[in-house]
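Presented below is the structure to which this report refers.
The values are calculated or read from the model by the stated rules, or taken from the named source; none is laboratory data. On a predicted model such as this, the values are computed, not experimentally measured, just so you know. As a convention, Cβ positions derive from the backbone with ideal geometry for all residues, glycine included, and neighbour counts pool all protein chains shown. Each accessible area value is taken on the protein alone, full model and side chains, heavy atoms only, with ligands, DNA and RNA left out. Shrake-Rupley method; radii C 1.70, N 1.55, O 1.52, S 1.80 Å.
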Amino acid sequence: MRGARAQPNKGSKEGINSSKQQKKKKEITIDSFCTGNEQRANETEGEDPAKEKSEIPANWIQALEELKMQFKTQLKEAEDNWEKNLKTKISHLETENSVLKAKINQLENEAKEMKDEVKKMKDDLQRKSSQKEKDDQKTKDEIQSLRTRIQQLELSNLTRQQDTIKQNQKNEKIEENMKHLIHKTEDLESHSRRDNLRIIGLPEDHDKRKSLDIILQEIIKENCPQILEQEGKVEIDRIHRSPSVLNPQLTTPRNVIAKFRNYQTKGKILQAAKKKSFRYQGTTVRITQDLAASTLKKRKAWNMIFRKARELSLQPRISYPANLTIFLQGKVWSFNKIEEFQEFVKKRPDLNRKFDVQAQNSRESSKGN
């Protein structure tokens, strides 16, 4: 590589000599050109001055001399600049050559280090290869053991899945039985309350002045006196507030539950309450059938839809246990669940715009919470 760097320097010097020779040739050519002009001028001295004056103007020779001097000056400057640039380039090349030598030495050192590293890596690789063979054999043994265990687990899992299917079937039957029992329990509880009426909105201040039994007699006397005329005093087995403990955070009065001895008398009062609003000492009270708490919760879910249906004159009714019925287009429509009513409304754009069922349900649930 050092020999390769020395050759460009020699070539550069030869290029400088060649350029000088070319410039020298150019100067000789110009001198010869000028000399030739002078000779031609001397040759013409013996000729007729009038002829010389007519062939070569006097200012041409002077202009040619000036051009010669100017060209020599420019050529000298170009030669100096070229030599200066060439020396600068040679200096740069020599600097680069020294840098390259340093890099070569560095690469030689790095190559030596890499050689040692490769040898070390080769030894490590050989050692790791031996260890890997041992590990592979160990892994194969473990895989075989795992395969055996997986087969055992698959058989066990298959048995477990079959047991799970059987258990799920049993659970489904149990859930069905539970639903049936819950329904029967709710039905039995509601039937056990068939002689009860629930009075809603009766202020609790009245309890301090009179007993609930007397208040109920006064409500019946004020709103349906014909029942007292027909039956005499209405006999009541039991009457109380529900819940039994007053919650100071509640702003509404607790409901009053009354159990009548005569089912027909209770029915007459309920029918009268459906026909008109009952009042007691200027306060509106509502009388409904007393039902189980779960049934009341299901009925309460219809409240927003019920009120909207009443505004639209759809004659809504809540039938036992918690079914909504409306009168639309000359037909009576009954719905057991709110989802059924939603599907019914979606198929009728005129009602769908008026019933925002999802918003109503969310507002109702937020109130319940």
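The table below gives the values:
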quantity	calculated
Reciprocal of mean inverse Cα separation for segment 181-249 (Kirkwood radius, Å)	14.5
Cβ-based net charge around N177, under 14 Å, with every Lys or Arg adding one and every Asp or Glu removing one	+1
Within the accessible area of segment 194-290 (1.4 Å probe), percent carbon and sulfur	48
Accessible area expressed per residue, segment 156-273, with surrounding protein chains retained (probe 1.4 Å, Å²)	68
Spin-label model distance (nm) - K68 vs E142, 7 Å beyond Cα toward Cβ	10.1
Separation of alpha-carbon centers, segment 107-182 and segment 295-351, rounded to whole Å	59
Pair N168, K300: separation of 7 Å Cα→Cβ label points (nm)	3.6
Accessible surface of segment 69-165 [probe 1.4 Å, protein heavy atoms]: carbon and sulfur percent	53
12 Å beta-carbon shell around R160, net charge (K/R +1, D/E -1)	-1
Within segment 69-165: Cβ-based charge dipole about Cα centre, in debye rounded to nearest 20 (Lys, Arg +1; Asp, Glu -1)	160
Per-selection Kirkwood Rh - segment 286-347 (Cα, Å, 1 d.p.)	12.2
Label point distance in nm, S319-V332, each placed 7 Å from Cα along Cα→Cβ	0.5
Where only C-alpha atoms are counted, convex hull volume of segment 194-290 per residue in Å³	95
Flagged links, alpha-carbon separation over 18 Å, of K221/K268; K208/K259; K298/K337; K221/K274	K208/K259
Solvent-accessible heavy-atom area per residue, rounded to whole Å², over segment 84-126 at 1.4 Å	92
